[in-house]
1. With respect to Phe37, determine if the residue is open to solvent by 70 Å² or more (accessible area, probe 1.4 Å), modelled with pLDDT under 95 and not hydroxyl-bearing (Ser, Thr, Tyr).
2. Consider Arg193 carefully, then state whether it is outside any loop (DSSP other than H, G, I, E, B), at pLDDT 95 or above and open to solvent by 50 Å² or more (accessible area, probe 1.4 Å).
3. Quick one: what pairs do we get from region 181-201, first residue under 26 Å from Gly154 (Cα atoms), second of a type in the set (D, E, K, R), C-beta under 6 Å, 6+ apart or different chains?
4. For residues in region 52-87 being closer than 11 Å to Val181 by Cβ and out of contact with any Phe, Trp or Tyr (no Cβ under 9 Å at 6 or more places or on another chain), which is surrounded by the fewest Cβ atoms within 10 Å (Cβ to Cβ)?
5. Name the residue that is least open to solvent (accessible area, probe 1.4 Å), counting only residues in region 210-244 that are closer than 23 Å to Tyr123 by Cα and out of contact with any strand residue (DSSP E or B) (no Cβ under 8 Å at 6 or more places or on another chain).
6. Name the single residue, out of those in region 116-167 being small (Gly, Ala, Ser) and modelled with pLDDT of 90 or more, that is farthest from Pro60 (Cα to Cα).
7. List every residue pair whose Cβ atoms sit under 6 Å apart, with the two residues 6 or more apart in sequence or on different chains, where the first one lies in region 98-122 and is in a loop (DSSP other than H, G, I, E, B) and the second, anywhere, is at pLDDT 90 or above and small (Gly, Ala, Ser).
8. Taking the conditions exactly as written (touching a Lys or Arg at 6+ places or on another chain (Cβ under 9 Å), over 23 Å from Ala192 (Cβ atoms), open to solvent by 60 Å² or more (accessible area, probe 1.4 Å) and not hydrophobic (A, V, I, L, M, F, W, C)), does Gly116 satisfy them or not?
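The values are calculated or read from the model by the stated rules, or taken from the named source; none is laboratory data. Treat the numbers as computed from the prediction; the structure is a model and nothing was measured. All Cβ positions, glycine included, derive from the backbone under ideal geometry; neighbour counts span all protein chains shown. Just the protein is used for accessible areas: all its heavy atoms, side chains included, with ligands, DNA and RNA removed. Shrake-Rupley method; radii C 1.70, N 1.55, O 1.52, S 1.80 Å.
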Amino acid sequence: MGGTDATGGGRDGRGALGNMLSGIAVAVGFALFLGGFVWGALVYQPYTVPTDSMMPTVLPGDRVLAQRIDGGEVRRGDVIIFNDSAWSDLPMVKRVVGIGGDTVKTGADGALTVNGVTLDEPYIDDAAPESGLAMPPGQPAAPGTPFEVTVPEGNLFLLGDRRGASLDSRAHLQEAGQGTVPRSAVSARVDARAWPSAGMLERPRTYADLPGGVSRPGPLRLQLAAVAAGALLVVLGAAYGPLARVLERGRRREPAGAR
């Protein structure tokens, strides 16, 4: 009888320890799961791309996640969200090609250069639209038109990836600042597509060798990992109790072996 009591006490001890560990797993899992969502909500803002000017990088109607940043954090190659009253009353999305002090230029061959370095841009669509580009009144510049702009300090020169159909800095060359936008107009940097397709936006390698390099991705991957790990811990912790009871019933039904 004493041996039976000792065995039963051991099982009860293991059960109590298991219940305690499962409770800890659920608590930590909830903290990671909710913390990941809250962290993401503080750092990122969702945004729906309204036009096709950034094709094929993002398509019209795509839902993207944009990291809230200060304009001073912007680097060449970033896809940013900004609001400038000279362009539109609504937030817009474009790619940063030049920063303060840069000379952005295209020649008769259409090649884009920054400070004399020709950019390799495999991500763009430079096909002209069938109906032509509807430029604003008084803005004669069109895709393929040679231009040269020296970006004022504190400003950004912006282009759409669909170069043949994007109303971007080229459409404002005749305005003050030659189509550039102040860094203060920037509210966020697009880090990833969220829906209907999901994936991180890569930083173009062509800008990496220019002074300042390219920006680093935000903490989105870490936040998603926290949410996934939290969900897994909650499931595993919650499953411990029912699983332990099923196993215990199974042990009780086993016939006693010969001794």
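1. Values: open to solvent by 70 Å² or more (accessible area, probe 1.4 Å): yes; modelled with pLDDT under 95: yes; not hydroxyl-bearing (Ser, Thr, Tyr): yes.
Yes.
2. Details: outside any loop (DSSP other than H, G, I, E, B): yes; at pLDDT 95 or above: yes; open to solvent by 50 Å² or more (accessible area, probe 1.4 Å): yes.
Criteria met by Arg193.
3. Val181/Asp84; Ala185/Asp84; Ala188/Arg68; Arg189/Asp78
4. Filtering region 52-87 for residues closer than 11 Å to Val181 by Cβ gives 71, 74, 80, 82-87.
Next, only the ones that are out of contact with any Phe, Trp or Tyr (no Cβ under 9 Å at 6 or more places or on another chain) stay: 74, 80, 82-87.
Numbers: Val74: 19, Ile80: 25, Phe82: 23, Asn83: 14, Asp84: 18, Ser85: 7, Ala86: 11, Trp87: 21.
Restricting to residues being closer than 11 Å to Val181 by Cβ and out of contact with any Phe, Trp or Tyr (no Cβ under 9 Å at 6 or more places or on another chain), the top hit is Ser85.
5. Of region 210-244, the ones closer than 23 Å to Tyr123 by Cα are 210-218, 220-221.
Then drop every residue that is not out of contact with any strand residue (DSSP E or B) (no Cβ under 8 Å at 6 or more places or on another chain), which leaves 211, 213-214, 216.
Working: Pro211: 95, Gly213: 14, Val214: 48, Arg216: 195 Å².
The extreme case among them is Gly213.
6. Taking the candidates together, the pick is Gly116.
7. Final answer for the pair search is Gly100/Gly154.
8. Details: touching a Lys or Arg at 6+ places or on another chain (Cβ under 9 Å): yes; over 23 Å from Ala192 (Cβ atoms): yes; open to solvent by 60 Å² or more (accessible area, probe 1.4 Å): yes; not hydrophobic (A, V, I, L, M, F, W, C): yes.
The answer is yes for Gly116.
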